[in-house]
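We did not get these values from a lab; they are worked out from the coordinates using the rules stated. Bear in mind the structure is a predicted one, so any value in this text is a computation, not a measurement. Note that we place each Cβ from the backbone using ideal geometry, even for glycine, and neighbour counts take in every protein chain shown.
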Amino acid sequence: MKTDKNIIVAPSLLSADFANLHKDLDMINRSEADWLHLDVMDGVFVPNISFGMPVIAAVQKECKKVLDVHLMIVEPDKFISDFQKLGAGVLTVHYEACTHLHRSIQRIKDAGMKAGVALNPHTPISLLEEVIEDIDVVMLMSVNPGFGGQKFINNTLDKVSRAKELILRKNSKAIIEVDGGVNLETGAKLISAGADALVAGSFVFGAKDPLDTIAKLKAL
């Protein structure tokens, strides 16, 4: 059922065919997707390594969508300017990785990008109380970060509702993005709970018709 708000759909490159990225990026460009989600993992903050700056530089040359970069790394502040130079439109850091979160947010915004803060499944929404007015994107992990194709954590629905309540109470302009286990069923529930943006990896890139799958997510 179509809602009255424009849902942002952000396919996750982590599930693309890295042997033929040109084909998948062409599909994304032709699709109704709003953003392309890029998971950067260092094998330290999360138990996996994904891709680094050379891959993102190559993607940036071909992709016409907003680059939504999700840093699952320790010491993300060291790389803020690098990702700005690579064309990131949204740069999200993890609450759990930032000792001085407010400073990290300000540095991202000063670099001209939208600032996102991600929360792992066990991290409560209340910890964003003091920075919610400075955030552009609240990213809620609906799986444990590090790997694609995981099962959706149902408690995320309550978490989205609590995030929306905090945003409204503090008069924040932040949007809520959800990453992990998103499909048409969970996507519809997330939107009903208050989500504004949906990250979908294997559900999109593993579909027989990714363009149609993206369109169906967009129409939720």
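Give the share of C-alpha pairs in each 5 angstrom bin for the chain, from 0 to the last occupied bin, in whole percents, shortest bins first.
1, 7, 17, 20, 22, 17, 11, 4, 0, 0
Starting from the Cα of LYS159, draw a straight line to each of the lysines and keep only those under 25 Å, dropping any in the same chain fewer than 8 residues away.
Of all the lysines, those that pass the test against LYS159 - Cα under 25 Å, at least 8 places apart if same chain - are LYS2, LYS5, LYS114, LYS151, LYS170, LYS173, LYS189, LYS216, LYS218.
Hey, in the GNM for the chain with a 10 angstrom Cα cutoff, which one of ILE80, ILE105, ILE153 fluctuates hardest?
Checking each option, the largest mean-square fluctuation is seen for ILE153.
Around ALA200, which amide H atoms from residues at least 5 apart in sequence, or from another chain, sit under 5 Å from its own amide H, with H modelled in the peptide plane?
ALA10, SER12
Quick one: compute a quarter of the convex hull surface over the Cα atoms of region 158-209 and quote it in nm². Let's see the in-between values first.
Numbers: hull surface 15.1 nm².
That works out to 3.8 nm², a quarter of the Cα hull's surface.
Within region 41-61, whose backbone N sits under 14 Å from a point 7 Å along Cα→Cβ of VAL74?
So the set is 42-48.
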